[in-house]
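Worksheet: the structure to be examined is printed underneath.
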Amino acid sequence: MNQNSDAAPLIDFSTVVVVAKSPINRIVLARIVERTGLRPIVEAPETAAATLLSLTPGAIVLDGGTDNRECHHLGVTIASARRACGGASPAVILLSSKVGTPQSLGLPGVVDTVIAKPITPEKLQPVIERLIAVARS
């Protein structure tokens, strides 16, 4: 992470990391992030951990795939980033194939909000904007 030896990492609130296995979903999600005026950084689940270790975005959008587990391995990396930042940043949104909450899906402490698929700009954009605003304050 970008941090000094005794300082918390700097959070880049203008950046949202988008993690999805499907290239099409990555493109669609990146366009929705761009509509918020924020900069998307798009990753496949296999490469996302390295990106999350090198920067601390304001938010992360995880596409859980058909079983909600495509990005499950990133939980440890995200939890570590949050501890380093001293709180709830980066904010995390899980795009889920099931309706539920972070608690009901077994992801409390790592995921802030669950949005059921299908994902539309009208559903995702206001959530990104709200979570970034809360994290900045």
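Among the protein heavy atoms of the chain, carbon and sulfur supply 57% of the accessible surface, probe 1.4 Å, non-protein parts ignored. About its Cα centre, the dipole of the chain is roughly 220 debye, where the only charges are +1 on Lys and Arg Cβ and -1 on Asp and Glu Cβ. Dividing the summed helix terms, -39500 (n - 2.57) for each DSSP H run of n ≥ 4, by the number of residues in the chain produces a 222 nm estimate of -11500 deg cm²/dmol to the nearest 500.
Subtracting the Cα-Cα distance of residue 103 and residue 22 from 0.36 nm times their residue separation leaves 26.6 nm of extension gain.
So how much slack lies between residue 83 and residue 14, counting 0.36 nm per residue of separation and subtracting their Cα-Cα distance, in nm? Intermediate results must be reported in sequence, preceding the final value.
Numbers: separation 69, 0.36 × 69 = 24.84 nm, distance 2.02 nm.
Length gained between residue 83 and residue 14: 22.8 nm.
The residues neighbouring residue 20, those whose beta-carbon lies less than 11 Å from its own, together hold a net charge of -1 under the Lys/Arg +1, Asp/Glu -1 convention. Among 112, 63, the order of accessible area from largest down is 112, 63, computed with a 1.4 Å probe on protein heavy atoms. Label zone (residue 66, point 7 Å along Cα-to-C-beta; backbone nitrogen cut-off 16 Å) within the stretch 90-111: 96-98. Under a 5 Å amide H cut-off, with hydrogens placed 1.01 Å from N, residue 42 pairs with 18 among residues at least 5 apart or on other chains.
The values are calculated or read from the model by the stated rules, or taken from the named source; none is laboratory data. Everything quoted here is computed from the prediction, not taken from an experiment. Virtual Cβ from ideal backbone geometry, glycine too; neighbours counted across all protein chains shown. When the accessible area is computed, the model is the full protein with side chains, heavy atoms only, and any ligands, DNA or RNA have been set aside. Shrake-Rupley method; radii C 1.70, N 1.55, O 1.52, S 1.80 Å.
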